Amino acid sequence: MDAIRLHAFGPPENLVLDSVPDPQPGPGQVRVAVRAHGVHLLDTTLRRGEATGGPLPLPDLPTIPGREVAGVVDVVGPGVDAAWRGRRVAAHLGATPDGGGYARLAVVPVEALHRVPDHVTAPEAIAMIGTGRTAVGILDLAEITAADTVVVTAAAGGLGTLLVQSALAAGARVVALAGGPEKVALVRSLARPEHADRLASVDYRADGWLDEARAAVVQHAPGGATVLLDGVGGDAGTDAATLVAPDGRLVLHGWSAGEPTRAGDVGHGVGNSGAGTAARDVRWAVGPQARPWGDLYALQERALALAADGTWRVVTHQVPLAEAARAHRELEARATTGKVVLV
């Protein structure tokens with residue numbers, strides 16, 4: 001079968017298309033003919049050979065990266081119901097640095113399989129299995145209501161597009177921060193007509209973006225936003241946190257900028273409430289301070305249901321499997337929108 005393998009840590013070009021033996025399922029497993037392969041920012045960190053600071057160690061080399069697959073069951077192992085054969089499925093391959101997801105065939109424990117509804121595509125299902133489940137967990141933690149004004153960083157990304165739609169659906173006002181005019185336009189397109197007046201989309205690569213975002217917040221919440229959903233961290237995340245009221249919630253779910261938002265010493269700079277340091281309600285969705293996620297399979301099921309019933313418009317950035325190196329380059333350059341998927 002065709003598979004993308006990493007033989008040495010380093011740049012994206014180290015991801016090469018190889019021919020490797022077909023895997024065979026064992027007891028309690030099925031083999032999936034994969035139609036879509038999920039790509040995560042963490043994959044780029046592991047590819048570079050950098051310690052993640054999280055639960056995943058560096059893989060032994062050579063390795064087939066990837067932990068999210070969607071496709072059709074083509075072989076069932078001993079003890080598995082033959083009715084699985086031919087079914088469209090999606091699965092997360094687990095917390096492992098060498099999950100084998102960037103391959104045309106993948107062996108999956110039957111208990112990890114999700115049935116994919118007919119009108120949900122394989123790339124959309126991939127987005128729900130990894131990114132969608134994370135979005136559901138973040139939203140559970142954030143507890144957004146119609147009384148909230150929510151700031152979302154990286155709003156055009158795989159997570160951001162889902163978080164923006166969910167906050168709007170909850171009745172909240174949303175100030176969405178995205179990098180560049182095209183991403184800003186994409187975020188604006190996510191709002192249904194009845195929600196459009198509650199969404200402001202700001203280009204946080206433009207000069208004066210923080211003042212623009214502040215004006216958008218104050219329009220609805222003179223005292224400051226009530227929630228920040230931040231997966232960027234660094235200076236941008238820390239600046240975005242200044243838009244939040246002293247009693248607001250900072251829900252931190254990543255640091256693509258290389259370091260987390262400096263939540264402990266963020267001043268308040270909105271409205272007439274002053275600019276002093278405040279002890280906000282900081283809720284970590286990832287990292288050592290995060291609460292346990294609970295049943296990940298249940299989160300994946302909930303995410304798939306939100307895609308199936310049309311609650312979420314799922315945005316994907318699709319790249320051929322053979323061009324996995326390009327997918328990594330574009331993801332690292334922040335030149336993608338939505339979930340990055342190999343097809």
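Any idea which of (1) open to solvent by 40 Å² or more (accessible area, probe 1.4 Å); (2) under 24 Å from residue 196 (Cα atoms); (3) not basic (Lys, Arg) is the one residue 132 doesn't satisfy?
Unmet condition: (1).
Can we say residue 105 is modelled with pLDDT of 95 or more, more than 23 Å from the chain's Cα centre (by Cα) and closer than 17 Å to residue 43 by Cα?
In short, no.
Would the stretch 214-234 turn up any residue that is within 21 Å of residue 339 (Cα to Cα) and open to solvent by 30 Å² or more (accessible area, probe 1.4 Å)?
Scanning the stretch 214-234, I find no residue that is within 21 Å of residue 339 (Cα to Cα) and open to solvent by 30 Å² or more (accessible area, probe 1.4 Å), so the answer is no.
Does residue 303 fit the bill of being within 24 Å of residue 112 (Cα to Cα), of a type in the set (Gly, Ala, Ser) and crowded, with 21+ Cβ neighbours inside 10 Å?
Judged against the criteria, residue 303 is a match.
Could you tell me whether residue 226 is polar (S, T, N, Q) and at pLDDT below 85?
So residue 226 does not fit the description; no.
Can you pull out the residues in the stretch 173-200 that are small (Gly, Ala, Ser) and surrounded by fewer than 24 Cβ atoms within 10 Å (Cβ to Cβ)?
Within the stretch 173-200, 179, 180, 185, 189, 191, 196, 200 meet the criteria.
Can you pull out the residues in the stretch 78-120 that are among the hydroxyl-bearing types (Ser, Thr, Tyr) and in contact (Cβ under 8 Å) with a residue 60 or more places away in the chain?
Within the stretch 78-120, 102 is the sole residue that qualifies.
Those residues that are modelled with pLDDT under 95 and either on the phi > 0 side of the Ramachandran plot or touching a strand residue (DSSP E or B) at 6+ places or on another chain (Cβ under 7 Å) (or both), I need them from the stretch 298-314; list them, please.
310
So which of 188, 214 is assigned to a helix (DSSP H, G or I), in contact with a strand residue (DSSP E or B) (Cβ under 6 Å, 6 or more places away or on another chain) and modelled with pLDDT of 95 or more?
Exactly one of 188, 214 is assigned to a helix (DSSP H, G or I), in contact with a strand residue (DSSP E or B) (Cβ under 6 Å, 6 or more places away or on another chain) and modelled with pLDDT of 95 or more, namely 188.
From the residues in the stretch 238-256 that are open to solvent by less than 30 Å² (accessible area, probe 1.4 Å), closer than 15 Å to residue 286 by Cα and outside any strand (DSSP E or B), which one is modelled with the lowest pLDDT?
The residue in question is 254.
Report those strands (runs of 3 or more DSSP E) wholly inside the stretch 1-101 carrying at least 2 residues which are among the small types (Gly, Ala, Ser) and surrounded by 17 or more Cβ atoms within 10 Å (Cβ to Cβ).
The qualifying strands (runs of 3 or more DSSP E) are 29-39, 68-76, 88-92.
The values are calculated or read from the model by the stated rules, or taken from the named source; none is laboratory data. Model, not experiment: these values are computed from the prediction. Don't worry about glycine lacking a Cβ; one is built from the backbone with ideal geometry, like all the others, and counts go over all protein chains shown. Protein only, heavy atoms only, side chains kept; ligands, DNA and RNA dropped before computing areas. Shrake-Rupley method; radii C 1.70, N 1.55, O 1.52, S 1.80 Å.
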